[in-house]
1. Using every pair of alpha-carbon atoms in segment 140-184, split the distances into 5 Å bins beginning at 0 and state the percent of pairs per bin, rounded to integers.
2. For segment 109-194, state which chymotrypsin sites (Phe, Trp or Tyr not before Pro) are in a DSSP loop and have at most 16 other beta carbons lying within 10 Å of their beta carbon.
3. Going by Cα centres, segment 33-53 and segment 125-199 are how many Å apart?
4. Excluding LYS128 itself, what net charge comes from residues whose Cβ is under 15 Å from its Cβ, given Lys and Arg +1 and Asp and Glu -1?
5. Counting only pairs 8 or more residues apart or on different chains, how many lysine pairs in segment 128-199 have their Cα atoms under 26 Å apart?
6. Once you list every other residue whose beta carbon is under 14 Å from the beta carbon of TYR57, what net charge do they have if Lys and Arg are +1 and Asp and Glu are -1?
7. Rounded to the nearest percent, how much of the accessible area of segment 152-199 (1.4 Å probe, protein heavy atoms only) is carbon and sulfur?
Amino acid sequence: MRNLNEDLEEIVVERTSELVQNEARLLKAQQIAHLGFLDWNLKTNEIICSDEVYQLYGIAKEGEFINFENISKGVHPDDLEYIQKNLEFAVRGEKKYNIDHRIIQPNGAIIWVNAQAELVLDENGKPKTLLGTILDITNRKLSEEKLRESEERFRFTLDNMMESFQIIDRDWKYIYLNKAAEKQNRRSKNELLGKTFME
């Protein structure tokens with residue numbers, strides 16, 4: 001007949017196995033999504049992070065910890081000051097850390113990431129850690145850039161047409177006029193936008 005200790009040991013083994021499986025699933029999901037996480041100890045400057053962070057920043061995993069200096073080496077130089085200012089705001093509790101920035105990988109490829117972090121205070125109300133995530137958003141940024149370029153070409157085409165072109169909303173207010181429409185109306189775009197053609 002089994003005793004209580006054997007039953008408890010079996011339950012602990014079963015629960016531990018479930019936790020290990022759930023952790024493995026979570027890590028796999030993070031890899032698929034290109035989502036990294038980090039835990040930055042603000043007092044020691046040590047950062048514990050997932051493998052995905054090492055991959056995104058192109059850092060070799062040599063020990064248990066990395067620090068901000070390791071990470072900053074991979075940041076695009078034009079974005080470093082922006083990151084530092086936003087981190088200062090976050091550590092002082094003045095602003096949530098949620099920014100997009102570029103990383104230059106060791107092969108020279110430039111990727112975009114979204115970095116978010118939440119400040120955790122110690123028992124005395126002092127900054128203790130920043131818990132954060134880093135998500136590869138390169139494809140989204142490339143799509144946004146293509147859309148912006150397409151919109152610019154479309155607007156350039158409309159602005160340089162000889163024919164008058166204007167867009168009016170349901171309330172009969174101007175929401176777009178090209179240069180020819182400005183000439184036709186004998187008023188500038190700034191004067192007409194948001195007004196009806198009767199005004």
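1. Distribution as computed: 5, 22, 19, 19, 16, 12, 6, 1 percent.
2. Counting only loop positions with at most 16 other Cβ atoms within 10 Å, the chymotrypsin sites (Phe, Trp or Tyr not before Pro) in segment 109-194 are PHE165, TRP172.
3. Here the two parts' Cα centres lie 38 Å apart.
4. Details: positive: LYS43, ARG92, LYS126; negative: ASP39, GLU46, GLU118, ASP122, GLU123.
Result for the local shell: -2.
5. Lysine pairs, 8 or more places apart or on different chains, close enough: 7.
6. -3
7. On the way: 2140 of 3960 Å².
The C+S portion of the solvent-accessible surface of segment 152-199 is 54 percent.
The values are calculated or read from the model by the stated rules, or taken from the named source; none is laboratory data. Treat the numbers as computed from the prediction; the structure is a model and nothing was measured. Virtual Cβ from ideal backbone geometry, glycine too; neighbours counted across all protein chains shown. Note: areas computed on protein heavy atoms with side chains; ligands, DNA, RNA excluded. Shrake-Rupley method; radii C 1.70, N 1.55, O 1.52, S 1.80 Å.
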